[in-house]
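*Asks:* Sharing a structure with you now.
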Amino acid sequence: MSMEDYDFLFKIVLIGNAGVGKTCLVRRFTQGLFPPGQGATIGVDFMIKTVEINGEKVKVSERLSDVLICGFTGKELQIWDTAGQERFRSITQSYYRSANALILTYDITCEESFRCLPEWLREIEQYASNKVITVLVGNKIDLAERREVSQQRAEEFSEAQDMYYLETSAKESDNVEKLFLDLACRLISEARQNTLVNSVSSPLPGEGKSISYLTCCNFN
Ligand SMILES: Nc1nc2c(ncn2[C@@H]2O[C@H](COP(=O)(O)OP(=O)(O)OP(=O)(O)O)[C@@H](O)[C@H]2O)c(=O)[nH]1
């Protein structure tokens, strides 16, 4: 299959404090595994997977290095996992400027990562398109006994900010497929209504395999 056969190009960028599990969420979705001893992300990562949504092929890319990718005019779903550490912020801000969707992630066992959310929202307001779709994700629900942020508190926050909220475990694979596929579904639906930001095109380092199929869109 050539790259031109893909129907959509979207950029999804994961943001949130260092260590909340952004890289693990992406790895779990694209590779179906939970990497042991995940090191901190330096810059932005890249990898590929293809999903089929309502019969349409959507290529999912994840960056593995901070090499800039440019010049490709194909259609795909990109997931950019950015580094949460402060010193990389200036690099990552430029990455989510053209994002179609942002997955704002915190760690349910880390109050601090939740308290930083307003700061991330300010960055979104400052750097992202006003048409960007933002999803709030509370990760690490497998560590229920260490939970510091209640589901209710997070739901109230997300409602106040008009964001969809989902709790996930990259480790146990809870809600990870749902997160990315529902988001892709919503992006496709909005793209059809022409409300999305125009994406920057990117080349792809390889072909992915069709591994998922979704028939409906579950976002509110
Ligand atoms: N128990 C549990 N641990 C997780 C989960 N997701 C990630 N972790 C752990 O949390 C740590 C940080 O995960 P990363 O995916 O590297 O976090 P990140 O948000 O990408 O961090 P930066 O790249 O520094 O921004 C690692 O030790 C992971 O093993 C999860 O769902 N459950």
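*Asks:* List the residues whose amide H sits under 5 Å from the amide H of D174, counting only those 5 or more places along or on another chain, with H placed 1.01 Å from N in the peptide plane.
*Replies:* S169
*Asks:* Okay, next question. Looking at the square roots a ≥ b ≥ c of the eigenvalues of the Cα gyration tensor of segment 133-179, which shape do they give, rounded for a/c under 1.5, prolate if a/b is larger than b/c, or oblate?
*Replies:* oblate
*Asks:* Moving to a separate point now. Near S98, within a Cβ-to-Cβ distance under 13 Å, what is the net charge of the other residues, with Lys and Arg +1 and Asp and Glu -1?
*Replies:* In short, +3.
Taken together, the values in this text are just the output of simple stated rules run on the coordinates, not laboratory data. As the structure is a prediction and not an experimental result, all values here were calculated from the model. All Cβ positions, glycine included, derive from the backbone under ideal geometry; neighbour counts span all protein chains shown.
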